[in-house]
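Written out below as structure tokens is the structure these notes cover.
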Amino acid sequence: MKKLTALVTASVLGCMLVSCGTGSGADDGKMRADLNAQTCAKEMGVGINLGNTMEAFWADDNDLTAGASTIGENTPQDYEKCWGAVVTTQECIDGMAAEGFDTVRIPVYWGNMMSDDGKYDINEEYMDRVQEIVDYCRRDGLYVVINVHHYDEFLIKHHTKEETLKAAAHVWEQIAKRFKNYSDYLVFEGYNEALGSVQDGTSMTEDEIYEYVNDMNRVFVETVRKSGGNNKDRILIASGYWTNIDNTTKDKFVMPEDSDKMMVSVHYIDNAPYWANSVGSGYWEKYSKGQCEELREAFTERDIPVFVGECTSIYDAEHVVPGALTSESSDCLQKILDMAADYGFVPVLWDVNDNFYSRTDCRIKSDSDREVIREVAQRIESR
């Protein structure tokens, strides 16, 4: 499906879809029989994260095993705003679509507003709010990705493997049930960066940790697939070991057994040189190219698309090497997105409130960044 342009407004699209029978009024519930992960990856184009928003939580330093602490009036918006975000609006998502993004990733901390009773039942009001934001995206014809973000880390670090697998299955049972009638423009990503961690105070061998990572992904896929509705054919994304490219491309990382509707998630193809303040150097380009080659050999050549769920959006001067061959932030962004696009990956910018994209002005803040996003998105669409 080609990108919906700004000429098609959210209100018009909402009227077109309101009678489609999914209960959301924003999604038609249709699944395309011929859609595989490779086709989906191309259609997802360039994405952006709704970062520090629905995955935000308030930790109680006196009780780190509680998962989250009650704040404010204990409403979804209290947590949505607790890391500095504004309340997400339809207009905010409309602007993302108008700027050229095809995909919005919504990281979610499902422990917010959850009773600390060991049952792991997701609060219905919080679930409703996540669904509301998903519907904002679907009214604009966007792909939407939701995951279990940070809450997977809480489970892993404070519970045994057996307890964590059981809890993760229950969390995904609830998510899958709520969204089982949504179309294939809704994609589930299992977890975030926690896979590779272990319970505090315990130790595991590397082989045992990889087995744990693989079991977490297996439980995610099996739980979603048996949940009924459209989930038996939904595109799913297995999370890499710490979403680290070197760890995830090792033979010990095993993708869940499934159909041709699976992707793999990693983060930041230029991670090491970024934190070494070497962006813009020859080393930066060579390293990033090498990471892409690892992913190509491990996954792309096996027809498993790569979902780069978090990419750097702004390259601050402190991370750019003195005398860099490429020094302007937009130029650095162009190189990384071009590289990801050339390899057929799905690049999704990590962004927080009023950083790369203004959620109040509903636009990309930099004109040169805007040009990059639109050029790369159009190139992906036309390939």
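The values are calculated or read from the model by the stated rules, or taken from the named source; none is laboratory data. The model shown is predicted, which means the values in this text are computed figures rather than measured ones. We place every Cβ from the backbone using ideal geometry, glycine too, and count neighbours over all the protein chains shown.
Structure notes:
- Filtering segment 86-110 to residues that are among the hydrophobic types (A, V, I, L, M, F, W, C), in a loop (DSSP other than H, G, I, E, B) and without any contact (Cβ under 8 Å) to a residue 60 or more places away in the chain leaves V87, V108.
- Residues (among the charged types (D, E, K, R) and either over 25 Å from K180 (Cβ atoms) or at pLDDT 95 or above (or both)) located in segment 27-64: D27, D28, K30, R32, K42, E43, E55, D60, D61, D63
- The lone exception for S24 - which of (1) touching a Leu at 6+ places or on another chain (Cβ under 9 Å); (2) at pLDDT 95 or above it fails: (2)
- Where helices (runs of 4 or more DSSP H) fall wholly inside segment 122-181, the ranges with 2 or more residues that are touching a residue at least 60 places away in the same chain (Cβ under 8 Å), within 26 Å of E208 (Cβ to Cβ) and not aromatic (F, W, Y) are 151-158.
- Qualifying residue in segment 80-99 (condition: of a type in the set (V, I, T) and at pLDDT below 95): no
- Residues of segment 151-191 satisfying the condition of being closer than 28 Å to R32 by Cα and either touching an Asp or Glu at 6+ places or on another chain (Cβ under 6 Å) or of a type in the set (S, T, Y) (or both): Y182, S183, Y185, Y191
- Number of positions in segment 289-330 that are exposed (fewer than 14 other Cβ atoms within 10 Å of the Cβ), closer than 29 Å to P256 by Cβ and touching a residue at least 24 places away in the same chain (Cβ under 8 Å): 2
- Where helices (runs of 4 or more DSSP H) fall entirely within segment 264-383, those with at least 3 residues that are touching a Cys at 6+ places or on another chain (Cβ under 8 Å) and under 22 Å from N49 (Cβ atoms) are at 329-342.
- Among the residues making up segment 42-85, those that are part of a helix (DSSP H, G or I), within 28 Å of I156 (Cβ to Cβ) and in contact with a Gly (Cβ under 9 Å, 6 or more places away or on another chain) are D78, Y79.
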